[in-house]
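Below is one structure, written out as structure tokens; the observations come after it.
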């Protein structure tokens, strides 16, 4: 099941990569950075549904702040990820800071700061 979520995340990244320009907003670049981290780590995480749930909440939070609008295919992929993420045990899920990009990186990894 996490393989399908990984494919959906990769497809969403590919859509966003196509629309990226030299003047892309820092928020769009942050979403793309986090998508890459999830794609990289979803197969090895203990709870892929929780990771994807956090990803979707991050995407929604950052898109709202950056006034990013998604095309129909992009929104469909986000909804598919959202459905997969709903399988997560929600203990503490709503207590997280969904705008915190560092959640997706290990303490030993440096993450790109786009702001």
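The values are calculated or read from the model by the stated rules, or taken from the named source; none is laboratory data. Computed from a prediction, not measured in an experiment: that's the story for all the values here. Positions of Cβ are backbone-derived with ideal geometry, glycine not excepted, and every protein chain shown enters the neighbour counts.
Please enumerate the residues belonging to the range 40-53 that are assigned to a helix (DSSP H, G or I) and surrounded by fewer than 18 Cβ atoms within 10 Å (Cβ to Cβ).
40, 41
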Review point. Is it the case that some residue within the range 6-14 is modelled with pLDDT of 95 or more, surrounded by 14 or more Cβ atoms within 10 Å (Cβ to Cβ), in contact with a helix residue (DSSP H, G or I) (Cβ under 6 Å, 6 or more places away or on another chain) and closer than 22 Å to residue 110 by Cβ?
Key: yes
**Study point:** Hits in the range 18-32 (condition: in a helix (DSSP H, G or I) and in contact with a helix residue (DSSP H, G or I) (Cβ under 7 Å, 6 or more places away or on another chain))
**Key:** 27, 28, 30, 31, 32
Check your understanding: Is one or more of the residues making up the range 47-59 in contact (Cβ under 8 Å) with a residue 12 or more places away in the chain, over 10 Å from the mean Cα position of the chain (by Cα) and closer than 14 Å to residue 100 by Cα?
Key -> no
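From the list 82, 27, exactly one residue is crowded, with 16+ Cβ neighbours inside 10 Å and under 14 Å from residue 101 (Cα atoms). Which is it?
So the residue among 82, 27 that is crowded, with 16+ Cβ neighbours inside 10 Å and under 14 Å from residue 101 (Cα atoms) is 27.
State the number of residues belonging to the range 1-17 that are more than 22 Å from residue 66 (Cα to Cα) and part of a helix (DSSP H, G or I).
Residues that pass the stated criteria total 7.
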